[in-house]
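Structure, as structure tokens:
What follows draws every value from the coordinates through simple rules; no lab data is involved. Because the structure is a prediction, the values reported are computed rather than measured. In this analysis, Cβ positions are derived from the backbone assuming ideal geometry, glycine residues included, and neighbour counts consider all displayed protein chains.
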Amino acid sequence: MTSRLAQLLAGLAAYGLSDALLVRAGLGLDPWTALHQGLARQSGLSIGVVTNLVGVAVLLLWLPLRRRPGLGTVLNVALIGPFLDLALRELPHAHGLVARGALLVAGVLLNAVATAAYVGAGLGTGPRDGLSLGLAERGLPLWRVRTAVEVTVLVTGVLLGGTAGIGTVAYAVAIGPLVHRLLPLLARAPQTGGAKPPAPGGEGAGGAGAGSGGRTGDAGTAVLPARRASSRRRRSASTAAR
């Protein structure tokens, strides 16, 4: 448990840093971070505080879906925002397209590692991924749910002043395949409670391509098919027994 918790905390810290790198790059954000940035600009709050508040609001949407948060879910809500604000205070502004491009690449790569680390710890999904999975469990295709949610989030974020651009596209295209390769290397144990693996990208990881895209190949899209396959095996075994 101690090593899993350490991996979770390292993953959440890296996630906050990766978001800060994408913000400093200024070339476009994943959908959820664009929403957080837009809300921060409208409210005057820091983007980290907004990240926390949105996480709490999304977590409340779990209630009608009857999903139970894991320890990782709670720590995701509590810690990514402060790590993001801390990183933004320390990171200098980038000047020039080459420097900004380097920050973008570093941010996407670190985000993939961070997502695989906190999901692989097996202690709970982030609130945003859990929302999409909860809706999908009501019979809607996961990819359609994530696409609808994250396109809505991205458009809302841009209308509020969040940044979208080539970085948004790069994140959407890259994050799913990257997490797909990294997650098996960092997976430590089955998830607990309401903690089911999210489609990579996500959370805090959310890009319109990783489960559309994700704020995170795809650990999340495998959940429902795996359950159906398991159910078919049980029915076959029961028929054979009769």
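Odds and ends about this structure:
- Length added when fully stretched, Thr2-Val155, from 0.36 nm per residue minus Cα-Cα: 51.1 nm
- In terms of its C-alpha gyration tensor, the stretch 1-117 has an oblate overall shape, because the principal axis ratio a/c (a ≥ b ≥ c, square roots of the eigenvalues) is not below 1.5 and a/b does not outweigh b/c.
- Sequence of Ile80, Ile166 once ranked by neighbouring C-beta atoms within 10 Å, starting from the fewest: Ile166, Ile80
- Per-peptide average of other Cβ atoms within 10 Å, ordering 29-36, 123-130, 47-54, 96-103 highest first: 29-36, 123-130, 47-54, 96-103
- Karplus-derived HN-Hα couplings along the stretch 111-126 (A = 6.51, B = -1.76, C = 1.60, θ = phi - 60°), whole Hz, x at Gly and Pro: 4, 5, 4, 5, 4, 4, 5, 6, 5, x, 5, x, 10, x, 6, x
- Peptide ranges 37-46, 19-28, 56-65 listed from the most packed, as the mean C-beta count within 10 angstrom indicates: 19-28, 37-46, 56-65
- Where a label projected 7 Å from the Cα of His93 along Cα→Cβ would reach, residues of the stretch 26-60 with amide N under 15 Å: 26-27
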